[in-house]
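K.L.:
First the structure, then my questions, so here it is.
Derivation of every value follows stated rules applied to the coordinates shown; laboratory data play no part. Note that the structure is a prediction, hence the values are computed from the model and not measured. When we count neighbours, we look across all protein chains shown, and the Cβ atoms used for this are built from the backbone with ideal geometry, even at glycine.
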Amino acid sequence: MRSLIIFLATGFYSGYSPIAPGTAGSVVGVLIWWLTFIPLWHRSPAASIALWTIIFAAGCYIADRAEEIFDEKDSPRIVIDEIAGMVATMFFVPRGWPWIVAGFAAFRFFDIVKPFPAGLIDRRMPGGAGVMFDDLSAAIYANLILQMAARLL
């Protein structure tokens, strides 16, 4: 079970990237969104949201266990939060490479800067839920920016 937790928490080991593990995890998030959520979205948007919700809930548990394994709060190796955050960033966003690049950049910006409430969540919410919810906050900000851009363009 320990190996499975590490495999999933590190985004298929992308969290072991020596340079910018969160960015590497976000790339995995884009790939998962592209390969899984886009095809599923065409069949059932509700199923896509349900799948993401399951992944997010599992991510809270997995991140919590990974913190124990790594003996470190929100270890940089834990990138399941970036994966779920990147997928959430792209919900209801037009398809195409410009949108993917914009979504990726916006999510990474908000994940790094951690505007309210992300920074507060990061500092005060313990365990796997804290790991996951600060990235969800970043994803919501990024998604809102993309939604505004889509309506203006």
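K.L.:
Examine the stretch 90-101 for a residue that is surrounded by 24 or more Cβ atoms within 10 Å (Cβ to Cβ), assigned to a helix (DSSP H, G or I) and not charged (D, E, K, R), and state whether such a residue exists.
P.N.:
No, the stretch 90-101 contains no residue that is surrounded by 24 or more Cβ atoms within 10 Å (Cβ to Cβ), assigned to a helix (DSSP H, G or I) and not charged (D, E, K, R).
K.L.:
May I ask you to say which residue of 66, 138 is aliphatic (A, V, I, L, M), assigned to a helix (DSSP H, G or I), surrounded by 17 or more Cβ atoms within 10 Å (Cβ to Cβ) and touching a residue at least 60 places away in the same chain (Cβ under 8 Å)?
P.N.:
Exactly one of 66, 138 is aliphatic (A, V, I, L, M), assigned to a helix (DSSP H, G or I), surrounded by 17 or more Cβ atoms within 10 Å (Cβ to Cβ) and touching a residue at least 60 places away in the same chain (Cβ under 8 Å), namely 66.
K.L.:
Something else now. Can you tell me how many residues within the stretch 10-37 are small (Gly, Ala, Ser) and over 21 Å from residue 48 (Cα atoms)?
P.N.:
Count: 6.
K.L.:
Can I ask one more? Tell me, please, whether a residue that is surrounded by 15 or more Cβ atoms within 10 Å (Cβ to Cβ) and either touching a Pro at 6+ places or on another chain (Cβ under 7 Å) or touching a residue at least 60 places away in the same chain (Cβ under 8 Å) (or both) can be found in the stretch 45-57.
P.N.:
yes
K.L.:
Which one of 118, 84 is crowded, with 18+ Cβ neighbours inside 10 Å, more than 20 Å from residue 8 (Cβ to Cβ) and in contact with a Phe, Trp or Tyr (Cβ under 9 Å, 6 or more places away or on another chain)?
P.N.:
That would be 118, the only listed residue that is crowded, with 18+ Cβ neighbours inside 10 Å, more than 20 Å from residue 8 (Cβ to Cβ) and in contact with a Phe, Trp or Tyr (Cβ under 9 Å, 6 or more places away or on another chain).
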